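One structure coming up, written as structure tokens, with questions to follow.
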There are 2 protein chains.
Amino acid sequence: MKLTILGCHSATPRTNTNPTSQILEIKNHMFMIDCGEGTQVALRRNRVKFSRIKHIFISHLHGDHYFGLVGLISTFRLLTREADLHIYAPKGLKEVITLQMKLSDSWTNYRLFFHELSSKNSELIFEDDQVEIHTIPLDHRIYTNGFLFKEKEGERKLDINKANEANINKAYFRKLKQGADVHNEDGVLIDNKKVTSPPKPSKSYAFCSDTAYNPDMVPLIQNVDALYHESTFVEKHKELCKPTKHSSAKEAASIAKMANVKQLILGHYSTRYDDLSVFKTEAQEIFANTELALDGKTFEI
Amino acid sequence: MKLTILGCHSATPRTNTNPTSQILEIKNHMFMIDCGEGTQVALRRNRVKFSRIKHIFISHLHGDHYFGLVGLISTFRLLTREADLHIYAPKGLKEVITLQMKLSDSWTNYRLFFHELSSKNSELIFEDDQVEIHTIPLDHRIYTNGFLFKEKEGERKLDINKANEANINKAYFRKLKQGADVHNEDGVLIDNKKVTSPPKPSKSYAFCSDTAYNPDMVPLIQNVDALYHESTFVEKHKELCKPTKHSSAKEAASIAKMANVKQLILGHYSTRYDDLSVFKTEAQEIFANTELALDGKTFEI
């Protein structure tokens, strides 16, 4: 799994920072998460192939998380895209996008599917053979979801030498990979674990932005390999967290610790901080394995 | 009059170019013309004070001319703007912007006025003591206006020594500046021209993008000091002009020549051209005083 940070700053514009957008590469998928203004240029800068993006997940309808989407949709048309595009977003986005397309008399030459979200409970919103994606209800000023990306557990690894030694017909190899015990040519039941080893551990990534400190999410993100959690402020400005429904770095770290995640990635920094190291220092007092998201940075998960 | 090019390229995104937006400084006003995606960052890069922008003119509702506007409106709120903001744009923009504000539950803390345009004839859309602004109907795939910015003629310059020599009471000085003949203390009518000289010539700027070759605009832009006219293509790709309703550099130059403008500024280049000098070379065969718009370039008019 590879995470590319296209942008990780909060709304106020600056010449050298981008609002929220990420690309998650997982099992041959290239998922986009959020799409603030300027994301299409950030895609170019990070040399991401536009055509590989087939699914876009929008957390909420504050501008710094989606104002770049309509431009990206228009650009896909200019680039003569043909592949379907699926957008998962809070209810209302479809109306905005279709109104803008109507006013510009510019329709897409590819199929555009809106999957509008309105549930306040976690939902399974995408699933195929290898991946599943669930929403993570967050606590922000408007309806907001995080997203949990999980690889499905793969097949067990078969040791062919051992299977042959155990005199198992190769017709049963598939069943062995799926974890079943099978009878060998002599009619003896062979314990699966004697000829296979566990599958590669399946990875998971949780994206949680924007949100107030919200322990309700902890059961949903338990043990994930990487958690991106917003930290708009540090504790010094804690009084700003409550009215804006954002988190401090310390709060993000507390969530990471409670959920026993393997790695915490911070982001969505307020522009008041010129030196971002204050976020990392504050979080690491609670949760050691903390990294800072930075525009253009990648994480191998 | 000073023109700052924030962006002057057509829609396809690149890392080093911006879609259309300009700032025109004229008689203490700072007018914004068009507002493609990323304009607020271009404003920062060009050190334009956000608070000085009180009037924004949108030519048409293709994304590369207005997708940056909603972000700018949101940023004005974050910056706790209090001054009124007036937006002149084709009908439909108000619906888009208000829908997006409704969905984000983010209203402005300043007054936002939409002046929606739908006339196919040239209209006076702004006027104060010193400036007037008219629409220039253009010929594009959707409803589109250019804009003509004109300084009003100033007062005549009074030569106070000559007025005193002519024995004119200073109570009449205001009338003299306004061009009237007045009686002196001896009851003699004094010819205005004997004691005043003509006002500074008033400047004018015409913005014409996007448009097909459209000689109908010529009477409206006659003799302007500077004409910005789109040139998406050069003649080599003339076959693309008609279906897209864009102009070639040669066509832009022909309009400039017919309208007897003082200077032509080209822009809205298709991304197919890496070397922009082809536009200038082509236009200068018809109209010598041609310059290329470039992101970040300024023109003293």
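The values are calculated or read from the model by the stated rules, or taken from the named source; none is laboratory data. Please read these numbers as outputs of a predicted model, since none were measured by experiment. We place every Cβ from the backbone using ideal geometry, glycine too, and count neighbours over all the protein chains shown. The accessibility values were calculated without ligands, DNA or RNA, using every heavy atom of the protein model including side chains. Shrake-Rupley method; radii C 1.70, N 1.55, O 1.52, S 1.80 Å.
Is the shape of segment B:148-288 rounded, prolate or oblate, going by the alpha carbon gyration tensor and its root eigenvalues a ≥ b ≥ c, with a/c under 1.5 for rounded and a/b larger than b/c for prolate? Mind showing how you got there, number by number?
Numbers: a/c = 4.77, a/b = 4.03, b/c = 1.18.
It is prolate, given that a/c is not under 1.5 and a/b is the larger ratio.
Can you list residues from other chains, or at least 5 along the same chain, whose modelled amide H is less than 5 Å from the amide H of A:Thr232?
Residues meeting the amide H criterion: A:Ser247.
Now a separate question. Just tell me how shielded A:61-71 is by partners: mean number of partner chain Cβ atoms within 10 Å of each residue's Cβ, no decimals. All intermediate terms of the calculation are to be shown ahead of the outcome.
Working: counts 6, 5, 11, 5, 1, 3, 9, 5, 1, 6, 10.
Across A:61-71, the average partner-chain Cβ count within 10 Å equals 6.
Send over the semi-axes of the protein assembly as shown's equivalent ellipsoid, whole angstrom and largest first, taken as the square roots of 5 times the C-alpha gyration tensor eigenvalues.
61, 28, 18
May I pose another question? Dipole of segment A:3-82, Cα-centred, from +1 at each Lys and Arg C-beta and -1 at each Asp and Glu C-beta, to the nearest 20 debye? Walk me through the numbers on the way to the answer.
Values: 10 positive and 5 negative charges, 74 e Å.
Rounded to the nearest 20 debye, it is 360 debye.
Skip the ligands, DNA and RNA, and give the accessible area per residue of segment A:72-195 with a 1.4 Å probe, whole Å².
Details: 6860 Å² over 124 residues.
Heavy-atom SASA per residue in segment A:72-195 reads 55 Å².
Taking each residue in A:42-54, count the Cβ atoms of any other chain within 10 Å of its Cβ, then average. What number comes out?
If you average over the peptide's residues, the count of other-chain Cβ atoms is 1.
Let me ask another. So how much accessible surface do B and A hide from each other in total, probe 1.4 Å, in square angstrom to the nearest 100? Each step should come with its number before you reach the end.
Working: alone 14710 and 14730 Å², together 26640 Å².
The buried area between B and A, both sides summed, comes to about 2800 Å².
Can you classify segment A:64-166 as rounded, prolate or oblate using the Cα gyration tensor, where a ≥ b ≥ c are the square roots of its eigenvalues, rounded means a/c under 1.5, and otherwise it's prolate if a/b beats b/c and oblate if not?
On the way: a/c = 3.95, a/b = 1.78, b/c = 2.23.
In terms of gyration-tensor shape, oblate.
Rule-of-thumb check for segment B:54-120: C-alpha Rg over 2.2 N^0.38 Å?
Cα-based Rg divided by the globular estimate yields 1.07.
Where the only charges are on Cβ atoms (+1 Lys, Arg; -1 Asp, Glu), what is the dipole of segment B:134-279 about its Cα centre, to the nearest 20 debye?
On the way: 22 positive and 19 negative charges, 27 e Å.
Around 140 debye, computed over segment B:134-279.
Would you mind checking the pairs A:Lys257/A:Lys280; B:Lys49/B:Lys157; B:Lys120/B:Lys242; A:Lys297/B:Lys49; A:Lys91/A:Lys203; A:Lys27/A:Lys177 and listing those with alpha carbons more than 22 angstrom apart?
Working: A:Lys257/A:Lys280 14 Å; B:Lys49/B:Lys157 33 Å; B:Lys120/B:Lys242 20 Å; A:Lys297/B:Lys49 31 Å; A:Lys91/A:Lys203 29 Å; A:Lys27/A:Lys177 19 Å.
Beyond 22 Å: B:Lys49/B:Lys157; A:Lys297/B:Lys49; A:Lys91/A:Lys203.
Where nothing but the Cβ of Lys and Arg (+1) and of Asp and Glu (-1) is charged, how large is the charge dipole of chain B around its Cα centre, in debye to the nearest 20?
Numbers: 40 positive and 38 negative charges, 109 e Å.
Roughly 520 debye for chain B.
Once chain A is represented by equal point scatterers at the alpha-carbon sites, with solvent omitted, what log10 I(q)/I(0) does the Debye formula produce at q = 0.09, 0.14 Å⁻¹?
Debye output, listed in q order: -0.50, -0.99.
Let me understand segment B:157-197 better: what is its radius of gyration from the alpha carbons, and its Dmax, in angstrom?
When restricted to Cα atoms, segment B:157-197 yields Rg and Dmax of 8.5, 23 Å.
First select every other residue whose beta carbon is under 13 angstrom from the beta carbon of A:Leu24; then total the charges, Lys and Arg +1, Asp and Glu -1. Present the calculation step by step, with values, prior to reporting the outcome.
Values: positive: A:Lys2, A:Lys27, A:Arg52, A:Lys54, A:Lys150, A:Lys203; negative: A:Glu25, A:Asp34, A:Glu151, A:Asp225, A:Glu300.
Neighbourhood net charge equals +1.
Regarding segment B:4-132, what is the average projected area of its C-alpha convex hull, in nm²? Each step should come with its number before you reach the end.
Values: hull surface 33.0 nm².
The number I arrive at for segment B:4-132 is 8.2 nm².
Next up: Which of the GluC sites (Glu not before Pro) found in segment A:13-105 are in a DSSP loop and have at most 14 neighbouring Cβ atoms, other than their own, within 10 Å? Kindly include the intermediate steps, with their values, before the conclusion.
Details: sites: A:Glu25, A:Glu37, A:Glu82, A:Glu95; in loops: A:Glu37, A:Glu82.
Filter output for segment A:13-105: A:Glu82.
Across peptide B:29-41, what mean number of C-beta atoms from other chains lies inside 10 Å of a residue's C-beta?
Details: counts 0, 0, 0, 0, 0, 0, 0, 1, 12, 7, 2, 5, 9.
Per-residue shielding by partner chains comes out at 3.
On the protein heavy atoms, probe 1.4 angstrom, tell me the percent of accessible surface of the protein assembly as shown carried by carbon and sulfur.
Details: 12380 of 26640 Å².
About 46 percent, which is the carbon plus sulfur part of the accessible surface.
In degrees, nearest 10, range 0 to 90: what is the angle between the Cα axis of helix A:93-104 and the longest Cα principal axis of chain A?
Once rounded, one gets 60 degrees.
Moving on to the next point. Report the net charge of residues surrounding A:Ser51, where surrounding means a beta-carbon distance below 11 angstrom and charges are Lys +1, Arg +1, Asp -1, Glu -1. Each step should come with its number before you reach the end.
Values: positive: A:Lys49, A:Arg52, A:Lys54, A:Arg81; negative: A:Glu82.
Once positives and negatives cancel, what remains is +3.
Need one number: % antiparallel among DSSP beta bridges in chain A, to the nearest 5. Walk me through the numbers on the way to the answer.
On the way: 32 of 58 bridges.
Beta bridges within chain A, antiparallel portion: roughly 55 percent.
Give me the extension gain from A:Asn16 to A:Arg44: residue separation times 0.36 nm, minus the current Cα-Cα distance, reported in nm with one decimal. Write out the running numbers ahead of the final one.
On the way: separation 28, 0.36 × 28 = 10.08 nm, distance 1.52 nm.
Using 0.36 nm per residue and subtracting the Cα-Cα distance, I get 8.6 nm.
Here is a follow-up. Among the aspartates and glutamates, which fall within straight-line cross-link reach of B:Lys245, defined as a Cα-Cα distance under 17 Å, with same-chain neighbours fewer than 8 residues apart omitted?
A:Asp105, B:Asp64, B:Asp139, B:Asp210, B:Asp216, B:Glu230, B:Glu235
In whole angstrom, how long is each semi-axis of the equivalent ellipsoid of segment A:96-153, when you take the square root of 5 times every eigenvalue of its Cα gyration tensor and sort them from largest down? Walk me through the intermediate numbers first.
Working: eigenvalues 156, 70, 11 Å².
Rounded to whole Å, the semi-axes are 28, 19, 7.
Now for a separate question. Okay, helix-only estimate at 222 nm for chain B: each DSSP H run of n ≥ 4 adds -39500 (n - 2.57), divide by all residues, round to 500 deg cm²/dmol; what do you get?
On the way: 10 runs with 70 residues, N = 301.
The helix-only estimate for chain B comes to -6000 deg cm²/dmol at 222 nm.
Please list the non-local residues whose amide H lies under 5 Å from the amide H of A:Glu291, H modeled 1.01 Å from N, same-chain partners needing a gap of 5 or more.
Residues meeting the amide H criterion: A:Leu264, A:Ile265, A:Leu266.
Separate question: Average projected area of the Cα convex hull of segment B:164-226, in nm²? Don't jump to the answer; show the numbers that get you there.
Values: hull surface 25.0 nm².
Mean shadow area of the hull around the Cα atoms is 6.3 nm².
Assuming R0 = 30 Å, can you tell me the calculated FRET efficiency for the pair A:Ile160 and A:Ser202, based on Cβ-Cβ distance, to the nearest 0.05? Don't jump to the answer; show the numbers that get you there.
Values: r = 23 Å, r/R0 = 0.77.
The value I calculate is 0.80.
Taking chain A as a Gaussian network, Cα atoms linked when under 10 Å apart, which of A:Ala171, A:Ala206, A:Ala288 shows the biggest mean-square fluctuation?
Result for chain A, Cα springs under 10 Å: A:Ala171 fluctuates most.
Here's another thing I want to ask about it. Once phi is turned into θ = phi - 60°, what whole-Hz ³J(HN,Hα) does the Karplus curve with 6.51, -1.76 and 1.60 give for every residue of segment B:63-80, x standing for Gly and Pro?
x, 5, 10, 8, 5, x, 5, 5, x, 5, 4, 5, 5, 3, 5, 4, 7, 6
Got the A:Glu95 label distances to the other copies yet, label 7 Å along Cα→Cβ, in nm, shortest first?
Once sorted, the set of distances for A:Glu95 reads 1.2 nm.
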